[in-house]
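The values are calculated or read from the model by the stated rules, or taken from the named source; none is laboratory data. Just so you know, these numbers come straight off a predicted model, no measurement behind them. Cβ placement follows ideal geometry from the backbone for every residue including glycine, while neighbour counts extend to all protein chains displayed. Side chains included, ligands, DNA and RNA excluded: accessible areas come from the protein's heavy atoms. Shrake-Rupley method; radii C 1.70, N 1.55, O 1.52, S 1.80 Å.
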Amino acid sequence: MKNIDSRTHVRGESVYLDDIPLIQGTLFGVAFGSPMAHGVIRNLNVADAEAMPGVVRVLTHKDVTGENQIGGIIPDEPLFADHHVHYVGMPIAFVVAETDDDARAAVKKITVDIEPLRVITDPREAQALGELIIPPKHFRLGDTSTAWAQCMHIFEGCADTNGQEHLYIETQGAYAIPQENNGIKLYSSTQGPTAVQRAVSRSSGLPMHQIEVDVIRLGGGFGGKEDQANMWAALVAVAAHVLKKPVKYSLHRMEDMAMTGKRHPYSSDFKIGLDNDLKIIAYEATFYQNAGAAADLSPAVLERTLFHCTNSYYVPNVSATAYSCRTHLPPNTAFRGFGGPQGMFVIEAAIAKAAESLRIDASVIQEKNLIQTGDEFPFGQKAESEAPACWHKTTELYELNAIRERIATFNNENRLSKKGLALMPVCFGISFTNTRMNQARALVHLYTDGSVNVSTGAVEMGQGVNTKMLQVAAQVLSIRSERVKLLTTSTYRIASTSPSAASATADLNGRAVQLACDELVKRLKTVAAGELQTDVEAITLKDEWVYVNDQKTDWDWERLLMAAFSKRVSLSEHAHYATPGIHFDPIAAKGHPFAYHVYGTAIVETTVDCLRGIYEINNIKVVHDFGVSMNTAIDRGQIEGGIVQGLGWMTMEEVIFDKTGRLRSNALSTYKVPDIYSVPDEIAIEALKTEQDNLAIFRSKAVGEPPLMYGIGAYFALRNAILAFNPTARIPFDAPMTPEKVLLALYDGRTSFSTNDQTASYVAVNS
Ligand code: MTE
Ligand code: HPA
Ligand code: MOS
């Protein structure tokens, strides 16, 4: 089935926050963010701004009618800075004016005196000073301290990954409309409608039932709107509540880039030990997460780094420690993979270091250590592993040996152009690691004309979840998909939603839709049995017709609904789903946190221009564990998008803060994301067909985040290409591998270089 939004997307008719028709009298807000990363506010002057044309009011912490606090996991994040500022861009005031232009002009008139304090941007420095968001977390399996003695080879090193800007096409924003008797209706570009409802309730002082959060769809979230939509919603809601007028704020791109958190940069240490047979016997890692100035989701992200610190491998002795380090940067937040990619990069770096030192290909170590069914993850869950199956199907289907030969020939024949190859296995756990978040609800209304409305807690952000929800309803009810309409995500129709995140949205909400529709079908069958004077067991509903003992009757869907209505049978159902069988004890760091894992393997091939350091990712060939995909077009789109986003993180996207905590890569002119020219010419995706039952909706495994991690292969492919040119290059494990870093590595240790080489053949690569 086609994505139900494809037609309106292409025609420009899909409605986003900024397309909602304005209510008369709507005012526009713009936040004034701190110009300094760390300090004490001595004096704030908003009078000049308030005197500007069109300005209605400049709000500060003094105007907050509830609590000046939006921290979710830890209450450490004020809505408005009151005394201290902790990062550049931290909201200090909120200008509300008659037009967006008026508000923006007035913001420039605000002045603030801040007494500067020491600015920390480096997580290791923060850790050394004891600046931690939460106490360190540890995951352990076996006993590394005794295991080193069994190791033939031991390697140690550091591995760093940088942050990543979400760059959702639709920037953050919210629109609050006061309702009678103090209620507030909010449109918000959020992945977490209930999180927004809670934040607005807390900051306005109104109970949650007074606050409706309605989400039509997002122009992308990628984790950036799981928690960080709360700020803008709380600002407009407090303003609307105080001024009794609708207030809207839609951030400009540069504001969004400067004021919102990103993927967490990590700096990590590793130690890996292998036996004679290249089995990994022991692995130790210490992760320093750059959390930014407040907790946000950092503790949960930190934990997922530990959950994925051994990626697709079985390691019998593991000791992993993770620090969430408080720095003076905007609070970093969820980003596709949620800390998992950062954890996986480090073990891949450890394996690469071992392989480079032993002068073997990393894939030899990777393959030997793939996790098998029954092996234990460091957090206690036993694997039901597709890792070997994906790996072997990848190497056979894409003829890895032939690719290697072709690359070897190429590298022999070309002096100034080198190819590199890497394999990247991925193993990603599906479920919120916080068990209680794994629940969802759905509300289904059948109308007497045969049409159906479905509401769930799922937020459509381009990942196609609404299409999947529609498919579930149509299939369970056995009706044409045109009869089903997916409604917006409203906290008044569906309460206590978990954010649409953790790749689990379709599983959780889809199961709830399935339960609701199952119940309605049961009810309708009873009605049909009564009308047709037969047993319920004899009735089936198929393709909009009632069958008795597989014989088609003259009762169709619409007639059946009318009959049910006439008999005063409810045609509405609200259902609740909670993932069964999962649990996790965060203190012991043991349990069975995931409903299942998604597996896959990618082969990444790259070509480096050894004169200029620029490169091309030529192709990515994947075998991916879909379970049984319920929508191959959407799932393919998720894989392609995830891969390109992963490539961007690993190769070109460079978040740069200076030592004063100011974001230098604050626009698309200074922050490079993949464009169509950076997309590999070939992205081959083959399914690993697995028939086993699983907890996914219709056995169609979650697909949102796992493919991003195939992109990690690009980093190691580039490394291998560099080493083909300069085998003695010392290359730090420091992603992204930008062309500048490639160039430095190509010529590391070389004092002169002659281009006057008769055998040189130059292959132009994409610039
Ligand atoms: N795809 C699109 N087009 N837009 C998005 O914002 N977010 C990703 C992924 N794919 C995203 C996306 C992230 S971070 C997650 S967790 C999942 O989609 C969330 O949706 P799901 O749970 O339905 O997979
Ligand atoms: N994944 C994504 N988002 C989350 C999670 C998780 O495990 N936990 C809380 N928010
Ligand atoms: Mo995705 S990072 O779980 O929103």
Given (1) open to solvent by 40 Å² or more (accessible area, probe 1.4 Å); (2) on the phi > 0 side of the Ramachandran plot, where does LEU167 come up short, assuming only one miss? (1)
Which one of the conditions (1) touching a Leu at 6+ places or on another chain (Cβ under 8 Å); (2) open to solvent by 20 Å² or more (accessible area, probe 1.4 Å); (3) farther than 22 Å from SER312 by Cα does PRO388 fail to meet, given that it meets all the rest? (3)
Qualifying residues in region 509-526 (those that are of a type outside the set (S, T, N, Q) and open to solvent by 10 Å² or more (accessible area, probe 1.4 Å)) - the one farthest from VAL215 (Cα to Cα): LYS525
Find all pairs meeting these conditions: Cβ atoms under 6 angstrom apart; at least six residues apart or on different chains; first residue within region 491-507 and outside the structural domain of GLY219 (by TED's automatic domain parsing) and closer than 15 Å to ALA575 by Cβ; second residue within 15 Å of ligand 2 (Cβ to nearest atom) and open to solvent by less than 20 Å² (accessible area, probe 1.4 Å). ILE494/GLY457; SER496/THR194; THR497/PRO193; THR497/THR194; THR497/GLY457; ASP507/ALA702
Is it true that some residue in region 214-228 is at negative phi, buried (at least 24 other Cβ atoms within 10 Å of the Cβ), at pLDDT 95 or above and away from ligand 3 (no atom under 16 Å from the Cβ)? no
Looking across region 702-743 at residues that are without any contact (Cβ under 8 Å) to a residue 40 or more places away in the chain and of a type in the set (A, V, I, L, M), the single one that is farthest from ligand 2 (Cβ to nearest atom) is ALA729
Selected residue (only one of ARG336, ARG326 is under 26 Å from ILE587 (Cα atoms), open to solvent by 10 Å² or more (accessible area, probe 1.4 Å) and within 16 Å of ligand 1 (Cβ to nearest atom)): ARG336
Exactly one of ALA47, ALA31 is open to solvent by less than 20 Å² (accessible area, probe 1.4 Å) and among the small types (Gly, Ala, Ser), and that residue is ALA31
Selected residue (only one of GLY613, GLY600, GLY581 is at pLDDT 95 or above and farther than 20 Å from LEU647 by Cα): GLY581
Restricted to region 570-600 and to residues being assigned to a loop (DSSP other than H, G, I, E, B), surrounded by 16 or more Cβ atoms within 10 Å (Cβ to Cβ) and hydrophobic (A, V, I, L, M, F, W, C), the residue farthest from the chain's Cα centre (by Cα) is LEU571
Please find, among ASP256, ASP296, ASP277, the residue that is surrounded by fewer than 24 Cβ atoms within 10 Å (Cβ to Cβ) and closer than 23 Å to ILE656 by Cβ. ASP256
Regarding region 192-206, can at least one residue be identified that is open to solvent by 10 Å² or more (accessible area, probe 1.4 Å), within 16 Å of the chain's Cα centre (by Cα), within 30 Å of GLN638 (Cα to Cα) and within 16 Å of ligand 2 (Cβ to nearest atom)? no
